[in-house]
1. Taking T138 as meeting all but one of (1) modelled with pLDDT under 95; (2) surrounded by 16 or more Cβ atoms within 10 Å (Cβ to Cβ), write down the number of the exception.
2. Give the residues of the stretch 22-36 that are surrounded by 14 or more Cβ atoms within 10 Å (Cβ to Cβ) and charged (D, E, K, R), sorted by residue number.
3. Just one of the numbered conditions (1) within 30 Å of P151 (Cβ to Cβ); (2) surrounded by fewer than 23 Cβ atoms within 10 Å (Cβ to Cβ); (3) more than 12 Å from the ligand (Cβ to nearest atom) is not true of A59; which one?
4. Answer yes or no as to whether A19 is aliphatic (A, V, I, L, M) and surrounded by fewer than 17 Cβ atoms within 10 Å (Cβ to Cβ).
5. Can you tell me how many residues in the stretch 105-117 are surrounded by 16 or more Cβ atoms within 10 Å (Cβ to Cβ) and either farther than 24 Å from A176 by Cα or more than 18 Å from the chain's Cα centre (by Cα) (or both)?
6. Name the residue, out of E133, E143, that is more than 23 Å from S9 (Cβ to Cβ), out of contact with any Leu (no Cβ under 6 Å at 6 or more places or on another chain) and in the same structural domain as W165 (by TED's automatic domain parsing).
7. Could you pull out every one of the helices (runs of 4 or more DSSP H) wholly within the stretch 66-182 that has 3 or more residues that are more than 16 Å from the ligand (Cβ to nearest atom), touching a residue at least 12 places away in the same chain (Cβ under 8 Å) and closer than 30 Å to V44 by Cβ?
8. Given the conditions (1) within 16 Å of the chain's Cα centre (by Cα); (2) within 13 Å of the ligand (Cβ to nearest atom); (3) within 20 Å of G200 (Cβ to Cβ), which single one is not true for N20?
Amino acid sequence: MILYYQTHSPFARKALVFANEAGLAARIEVIHHETSPTRRNERVYAENPLGKVPVLLRAVGPAIFDSDVICAYLDTLHDGRRLIPESGDARWNALVLQSVAQGLAQTGINLRWETARRPEQLRYAILRDGFVEKIQATYDWLETALDPTAPLHVGHIALATTLSWMEFRDLPSFRARTRLTRWFDEFEQRPSMLATPLFGETHD
Ligand SMILES: N[C@@H](CCC(=O)N[C@@H](CS)C(=O)NCC(=O)O)C(=O)O
């Protein structure tokens, strides 16, 4: 399989950390692609009409995207414990956490448009403040809602890769939340995280 990846994307890293945790990384060739809504990447568009990474190319069958779907697909390819629990509260807790982590990363991207990516005269301070509020509210929610004792699941992977990216991009810090911080610092030491460092700049 080939993974269209980006070394500074929280979503792409989530898919690759998942592959590592599922024992599938050796079956995946990782190819870096730069993407931005202001710069068309033809090879990515050829596979994903949204022009975004990650995208997983299989030997047979259409490409799979986005990161949620790639993780769900990868979870069908290994014989270990499912990283997306199949039923009950365990399933819904994992999927809600994944969804919150996805939303947090997307809000971080939105905030970067209003603070760094958009030309200065086009930035909108009220929108910037609204995104910061969402990020802080999400950190507060995570501080109480995250269950650090649950067996590893896709929500943890999505959250750790998002928080790591928030720090990498100097976005508002979560570190005042002590439970969340303790959990994250421990998670960051996992081999799957150490094998997938973030680096590189966005090209708009
Ligand atoms: N929901 C998607 C989000 C993917 C995404 O936003 N990827 C960014 C890189 S971090 C991208 O390729 N952006 C290019 C664009 O928005 O045109 C997922 O989880 O895979």
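The values are calculated or read from the model by the stated rules, or taken from the named source; none is laboratory data. What you see is a predicted model, and the numbers here were worked out from it, not measured in a lab. All Cβ positions, glycine included, derive from the backbone under ideal geometry; neighbour counts span all protein chains shown.
1. (1)
2. The one that is surrounded by 14 or more Cβ atoms within 10 Å (Cβ to Cβ) and charged (D, E, K, R): E34.
3. The single condition A59 does not satisfy is (1).
4. no
5. Residues that pass the stated criteria total 4.
6. Being more than 23 Å from S9 (Cβ to Cβ), out of contact with any Leu (no Cβ under 6 Å at 6 or more places or on another chain) and in the same structural domain as W165 (by TED's automatic domain parsing) holds for just one of E133, E143, which is E133.
7. Per the criteria, 125-145.
8. For N20, the exception is condition (2).
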